[in-house]
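Presented below is the structure to which this report refers.
The values are calculated or read from the model by the stated rules, or taken from the named source; none is laboratory data. If you're wondering where the values come from, they're calculated on a predicted model, not measured in any experiment. In this analysis, Cβ positions are derived from the backbone assuming ideal geometry, glycine residues included, and neighbour counts consider all displayed protein chains. For accessibility, only protein heavy atoms count, side chains too; no ligands or nucleic acids. Shrake-Rupley method; radii C 1.70, N 1.55, O 1.52, S 1.80 Å.
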Amino acid sequence: MFDWSGVPTTHIRPTFFADWLFYPHFAKEIGITKMIQFPFGNGRHAPISSEDQGRVIAHLLAKPKGHEGKVYTLHGPVEMNHTEIAAAMSEVLGTTITYAPLSIPAFKEKMENLYGFPPFLVQHLEEVAQHYQDGVFAGTNDMVERITGTPAQSVQELTIKNLAAFA
């Protein structure tokens, strides 16, 4: 709608967020079980933090000139699968974290029964899981650094920042 309105607009399209590794319900489970249990198979993505997204947004709002009409896909610095993400987290946490992939139906059941997520969120995350397996989030770029002058944070850096989530 903004594009049609003539209002100068910039679109950001973050790929797959890194932050949900650190959400309390998931981080607590990872800390206790030493496993990442998501339905992502061998799909890949370059985790992007909400902090990096926020820096891009702040920059675009503070200095919008030249960004009008642009679309920026935001990726983190390194494309990884969840086995590689688990290894990166293991380095920081000083313990072995493994990736134990779930089926989408098993993850749905877990979201509904263990976490008590509302139906709209369960449906959204089921679709995200399928998209992940289909490669929708694959790829990487340096757009965060090109826009802000500071590189996107790695999984290791984000894990260090969120150590308390695993306590």
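Being under 16 Å from residue 44 (Cα atoms), hydrophobic (A, V, I, L, M, F, W, C) and free of Cβ contacts under 8 Å to residues at least 40 places away in the same chain narrows it down to one of 100, 87, so name that one.
After ruling out the rest, the residue left standing is 87.
What's the number of the condition residue 112 fails, among (1) open to solvent by 20 Å² or more (accessible area, probe 1.4 Å); (2) touching a residue at least 60 places away in the same chain (Cβ under 8 Å)?
So residue 112 meets the others, but not (2).
Based on this model, can you work out whether residue 140 counts as surrounded by fewer than 14 Cβ atoms within 10 Å (Cβ to Cβ) and hydroxyl-bearing (Ser, Thr, Tyr)?
On the way: surrounded by fewer than 14 Cβ atoms within 10 Å (Cβ to Cβ): no; hydroxyl-bearing (Ser, Thr, Tyr): yes.
Against the criterion (surrounded by fewer than 14 Cβ atoms within 10 Å (Cβ to Cβ) and hydroxyl-bearing (Ser, Thr, Tyr)), residue 140 does not qualify.
Please find, among 86, 106, the residue that is hydrophobic (A, V, I, L, M, F, W, C), outside any loop (DSSP other than H, G, I, E, B) and either in contact with a strand residue (DSSP E or B) (Cβ under 6 Å, 6 or more places away or on another chain) or open to solvent by 50 Å² or more (accessible area, probe 1.4 Å) (or both). Before you say what the answer is, go through the steps one by one.
Working: 106 fails: either in contact with a strand residue (DSSP E or B) (Cβ under 6 Å, 6 or more places away or on another chain) or open to solvent by 50 Å² or more (accessible area, probe 1.4 Å) (or both).
86 is the lone residue from the list that is hydrophobic (A, V, I, L, M, F, W, C), outside any loop (DSSP other than H, G, I, E, B) and either in contact with a strand residue (DSSP E or B) (Cβ under 6 Å, 6 or more places away or on another chain) or open to solvent by 50 Å² or more (accessible area, probe 1.4 Å) (or both).
Taking the condition of being buried (at least 19 other Cβ atoms within 10 Å of the Cβ), within 15 Å of the chain's Cα centre (by Cα) and part of a helix (DSSP H, G or I), how many residues in the range 20-61 meet it?
Number of matching residues: 3.
Considering the range 110-133 alone, what residues qualify as being of a type in the set (Asp, Glu) and either farther than 30 Å from residue 70 by Cα or modelled with pLDDT under 95 (or both)?
Residues of the range 110-133 of a type in the set (Asp, Glu): 112, 126-127.
Of everything in the range 110-133, just one residue is of a type in the set (Asp, Glu) and either farther than 30 Å from residue 70 by Cα or modelled with pLDDT under 95 (or both), namely 112.
Determine whether the range 66-73 contains at least one residue that is of a type in the set (Lys, Arg), open to solvent by 40 Å² or more (accessible area, probe 1.4 Å) and under 18 Å from the mean Cα position of the chain (by Cα). Before the answer, list the steps.
Taking the range 66-73 as the starting set, the residues that turn out to be of a type in the set (Lys, Arg) are 70.
Okay, now just the ones that are also open to solvent by 40 Å² or more (accessible area, probe 1.4 Å), so 70.
Imposing the further condition that a residue be under 18 Å from the mean Cα position of the chain (by Cα) reduces the set to none.
No, the conditions are met nowhere in the range 66-73.
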